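Data block below; observations after.
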Amino acid sequence: MRREHLTAFQQWFSHYVEISHSESPQFHSWIKLKDSHTRRVFEKITRIGSSLKLSEEELLTAGAIGLFHDVGRFRQIKLYGTFNDGRSENHATLGARVLKEYGVLAELPEEESSVIIKAIELHNLRDLPEGLPDRLLLFAHLIRDADKLDILEVFSRYYTRRDDEFATALDSYLPDTPGYSRALVEDLLKNKRCNYSDIKNRNDRKILNLSWVFDINFPYTLSEIFKNGFIDIMIGSLPQSSEIEAIHRLIDDYAAQRLGVLPRS
Ligand SMILES: [Fe+2]
């Protein structure tokens, strides 16, 4: 892949966002949310890739994956009016379909477009399948880290009320009830993967977001999460209890072990 390809993809993406805009003020703001998320993920995946000293060519591929990983969100809003995959369809496979339909990657060699499409399809799975080829695994790891890093940033900003603009998109479908799901806390404290189906309120979503720390692939990403104080913000927005404290300790210990020293905000 060459720089000109990426430039053409960026132009296509901007145009696609423009034609996706809707009359509805709510959908309009949701589209803006996904547009800005995409642009930040693009920038983050490039930074994570640079921390790994990837080649110029690999950084371009990573950039394309960052740019297109959520392209399905725009059609999801149009068709279903929701970001909830469970109530509509998987936005990653929807995005892969959009890219194929528009022939966006047609200029690339087959191998290259296939790795981009597959990494997009893998970006939102809870668990990656076993036995992925090395190159695909690298890009799947990159996009999963960049996406999680940005989602943690968005929610942290939202919880500290520095950014209220997208409240309806972020909080529209989960009740703001007190307490949290026992199952999520137990899984987390036992070092098990949390189940999305256990999310019943906003606190549960925060706990699930916290559990992502254990699924971060690269030290740079982990260190960014701590440097920016995302964990402390998320923990601080949850009810205070001995369980939440235990989760906080578990996360800090894990990160300190992986990073040596825990970077602080
Ligand atoms: Fe995303």
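Odds and ends about this structure:
- D_trans [Stokes-Einstein, Kirkwood Rh over alpha-carbon pairs] for the chain, 37 °C, 0.692 mPa s, µm² s⁻¹: 171
- The chain, helix-only ellipticity at 222 nm - DSSP H runs n ≥ 4, -39,500 (n - 2.57), divided by all residues, nearest 500: -21000 deg cm²/dmol
- Principal-axis tilt of helix 242-259 within the chain, Cα atoms, nearest 10 degrees: 50
- Percent of alpha-carbon pairs separated by more than 18 Å within region 3-149: 55
- The peptide list 87-94, 224-231, put in order of mean Cβ contacts within 10 Å with the highest first, becomes 224-231, 87-94.
- Rounded to two decimals, the Cα radius of gyration of region 212-265 over 2.2 N^0.38 Å is 1.08.
- For the chain, the longest principal axis of the alpha carbon atoms and the long axis of helix 110-122 meet at an angle near 30°.
- Put simply, the convex hull of the Cα atoms in region 174-259 casts, on average, a shadow of 5.3 nm².
- Remark: the chain carries 47 Å² of accessible area per residue (probe radius 1.4 Å; ligands, DNA and RNA excluded).
- Fluctuation leader among THR160, THR221, THR61 - the chain, Gaussian network, Cα springs under 10 angstrom: THR160
- Most mobile listed residue (TYR158, TYR102, TYR16) in the chain, GNM with C-alpha springs under 10 Å: TYR102
- Fluctuation leader among LYS32, LYS53, LYS206 - the chain, Gaussian network, Cα springs under 10 angstrom: LYS53
- Over the chain, Cα pairs under 8 Å with separation of 6+ residues give a relative contact order of 16 percent.
- Extension gain, TYR80 to LEU250: 0.36 nm times the residue separation minus the Cα-Cα distance gives 57.3 nm.
- Taking every C-alpha pair closer than 8 Å and separated by at least 6 residues, the mean separation divided by the residue count of region 3-149 gives a relative contact order of 26 percent.
- Using the Cβ-Cβ distance between TYR102 and TYR196 with R0 = 30 Å, the FRET efficiency computed as 1/(1 + (r/R0)^6) comes to roughly 0.50.
- Legend: residue pairs LYS32/LYS53; LYS44/LYS118; LYS100/LYS227; LYS148/LYS190, Cα-Cα distance threshold 30 Å; pairs beyond threshold, LYS32/LYS53; LYS100/LYS227.
- Heavy atoms of HIS248 accessible to a 1.4 Å probe, total area in Å² rounded to 10: 50
- Of all accessible heavy-atom area on the chain, the percent that carbon and sulfur account for (1.4 Å): 51
The values are calculated or read from the model by the stated rules, or taken from the named source; none is laboratory data. Bear in mind that the values here come from a model prediction, so they are computed numbers and not experimental data. Positions of Cβ are generated from backbone atoms using ideal geometry, with glycine treated the same way; all protein chains shown enter the neighbour counts. Ligands, DNA and RNA are excluded from the accessible area calculation, which covers all protein heavy atoms including side chains. Shrake-Rupley method; radii C 1.70, N 1.55, O 1.52, S 1.80 Å.
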